[in-house]
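Shown next, in structure tokens, is the structure this report addresses.
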Amino acid sequence: MGAPYSEKVMDHFMHPRNVGEMENPDGVGRVGNPICGDIMEMQLRIKEGVIVDAKFKTFGCGAAIATSSMATEMIKGKTIEEALKLTNQAVAEALDGLPPVKMHCSVLAEDAVKAAIDDYLRKTTGKGLEGWKPRSETEEHKH
Amino acid sequence: MRRVYLDYAATTPTHPKVVEAMIPYFSDKFGNPSSLHHFGQEAKAAIEQAREKVARLIGAKPEEVVFTSGGTEADNFALEGVAFAHEARGRHIITSAIEHHAVLECAEFLKKRGFQITYLPVDKYGLVDLAKVAEAITDKTILVSIMHANNEVGTIQPIAEIAKVIKARSQALGIRIYFHTDAVQTVGHLPLKVEELGVDLLSMSAHKLYGPKGVGALYIRKGTKITRFLHGGEQENGRRSSTENVPGIVGFGVAAEIAEQEMEKENKRLMELRDQLIKGILENIPDSQLNGHPGLRLPNNVNVSIKYVEGESMLLNLDMQGIAASTGSACSSGSLEPSHVLLALGLSHELAHGSLRFTLGRYTSEEDIATVLKVLPEIVYKLRAMSPLTKGGK
């Protein structure tokens, strides 16, 4: 395989946590595009500023699925402020690292979380995350 | 775990008889073929014997076969060798959009050095249009390079017809245009004679036909002016310097001999298994499609796209269950774009990312095919259930 993965990546890939959809999610974020082969959709249930549940669906490679799974695990139970601090590096580190060509998948996972929070804030306050744009769209892909 | 290897287009296991034939040339018969003494001459004789075998397989004269380090070198040698030998007459080269990177990147290299390259498009099956070949030829054209069969989708090009078009156009223009074909996927797999194909140069690779890795050959029609590829010795008639890979070349010869004997029977067997696998996938997995030509296709190639799922994730799941396949998805190659071949056939990015290639070979059994047909639909169902592109899994 062109991208040898850690055991943790393979575990989250073969047994992804929090796969699926929820009814009437409070925030939905969809990032990525079919051109580069990864699409992530994240759904959040938010109560009193705390993420009480997170679900995802991902079209993509092993790393895309594993980072989605790990990111949902990392934000569950966190406040919005804490979840916004989640970085792609933290997701990658929690998976015991990713091959360099797959780091963009962790960026996508970070984006998906922020996009879902952005959607939640727009719905509840009428204003999204100030000045935020998905990094996966603004940064050059480093494959 | 029972392992099912279905990636024979990537490489094949070396045939036991090939290994056996090679072994003495590592130790007892280790001589340098350029040496005048017994040790050298023994090795030299072995190389010439192998050359005859490889030449016979493709219907060439032994002196028209130059051994190389593999298919990539053969392609590079053909393109650069002809380009540099004939650039005084013209600097135009025609190739296709679906060539192997060994040809495409070589063409790009020449482009940077002032050559003009025409990339012919292909139709949805991967076939080059004869009329477009004729249209592309100008009085500055020196070389046309079109692969015999595509390594990803298995489509077999009408090489003999293309050769006729090139001949007619070059006669009308009063020029000599060389015709090269990358036959890495067909030599030893399809009956193939250089005279019938009408080519001037043809690339081969031993490890695709149960020979060893690190050895290949370029057929160069007698009378073809070509710039030497490696400098530093008079090996291979001064066309390719470097001490010969004697064990590898000996192995290539034996592999060619075995291929010639077994090809017909083996092809019949492989085509049956191939069609079983294609039929099984298309029938058992909704929203799946065959890529490449349904009929003009390598006997061992199955390439499918499965909607809503990505190739690498299918590949990893298959590998976990012992099945080795390949994909045209960008994710496994480390590049941004998915397979240039699938895109050239007109597939959407999504379908190109959702492609799987199974290539069958000598040790593929009906049981292997049944295993894939049992395992793959389950994997697809599981991945579709987590895909945002579909509802509910099916």
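Read-outs throughout are calculated quantities, based only on the coordinates presented, and are distinct from any laboratory measurement. Fair warning: this is a prediction, and the values are worked out from it, not measured in the lab. Cβ placement follows ideal geometry from the backbone for every residue including glycine, while neighbour counts extend to all protein chains displayed.
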Seminar exercise, completed: In chain A, whole DSSP H helices that both stretch 15 Å or further along their axis by alpha carbon positions and average at least 0.5 on the Kyte-Doolittle scale are A:62-75
Exercise. Can you give the % of DSSP beta bridges in chain B that are antiparallel, to the nearest 5?
Worked result: 50 percent
For this session: Take the alpha-carbon centre of segment B:130-193, take the same for segment B:224-298, and report the distance between them in whole Å.
Result: 18 Å
Exercise. If you line up the long axis of helix B:38-58 against the longest principal axis of chain B, both from Cα atoms, how many degrees apart are they, to the nearest 10?
Worked result: 60 degrees
Exercise. For segment B:8-125, what is Rg from Cα atoms divided by 2.2 N^0.38 Å, rounded to two decimals?
Worked result: 1.41
Seminar exercise, completed: Taking Lys and Arg as +1 and Asp and Glu as -1, residues besides A:G37 with C-beta under 9 Å from its C-beta add up to -4
For this session: Compute log10 of I(q)/I(0) for segment B:156-311 with the Debye formula, placing one identical point scatterer on every Cα and leaving out solvent, at q = 0.12, 0.13, 0.14, 0.20 Å⁻¹, to two decimals.
Result: -0.72, -0.81, -0.90, -1.27
Problem set entry | Net +/- balance of residues flanking B:H86 in space, Cβ distance below 9 Å, scoring K and R +1, D and E -1 | +3
Exercise. What is the antiparallel percent of DSSP beta bridges lying wholly in the protein assembly as shown, to the nearest 5?
Worked result: 65 percent
For this session: Averaging sequence separations of C-alpha pairs under 8 Å and six or more residues apart, then dividing by the length of chain A, give the relative contact order as a whole percent.
Result: 27 percent
Problem set entry | log₁₀ of I(q)/I(0) at q = 0.31 Å⁻¹ - segment B:245-293, Debye sum with one point per alpha carbon | -1.05
Exercise. How big, on average over all directions, is the shadow cast by the Cα convex hull of the protein assembly as shown, in nm²?
Worked result: 27.4 nm²
Seminar exercise, completed: Of B:32-40, B:315-323, ordering from highest average Cβ density within 10 Å down gives B:315-323, B:32-40
Exercise. What are the semi-axes of the equivalent ellipsoid of segment B:100-239, taken as the square roots of 5 times the eigenvalues of the Cα gyration tensor, listed largest first and rounded to whole Å?
Worked result: 23, 20, 16
Problem set entry | Shielding by partners - mean other protein chain Cβ count within 10 Å, residues of A:33-42 | 6
For this session: Pull up the DSSP beta bridges for segment A:7-125 and report the antiparallel fraction as a percent, rounded to 5.
Result: 95 percent
Problem set entry | Number of partner chain Cβ atoms within 10 Å, mean per residue of B:374-386 | 2
Exercise. Using the scaling law 2.2 N^0.38 Å as the reference, what is the normalised Cα Rg of chain A?
Worked result: 0.97
Exercise. If we sort B:256-267, B:221-232 on the protection proxy, mean other Cβ atoms within 10 Å, highest first, what's the order?
Worked result: B:256-267, B:221-232
Exercise. Averaged over B:349-358, how many beta carbons belonging to a partner chain fall within 10 Å of each residue's beta carbon?
Worked result: 3
Exercise. Using alpha carbons only, how many degrees (0 to 90, rounded to 10) separate the axis of helix B:311-320 from the longest principal axis of chain B?
Worked result: 90 degrees
Problem set entry | Order by protection proxy (mean Cβ within 10 Å, highest first), peptides B:197-205, A:51-59, A:87-95, B:137-145 | B:197-205, A:51-59, B:137-145, A:87-95
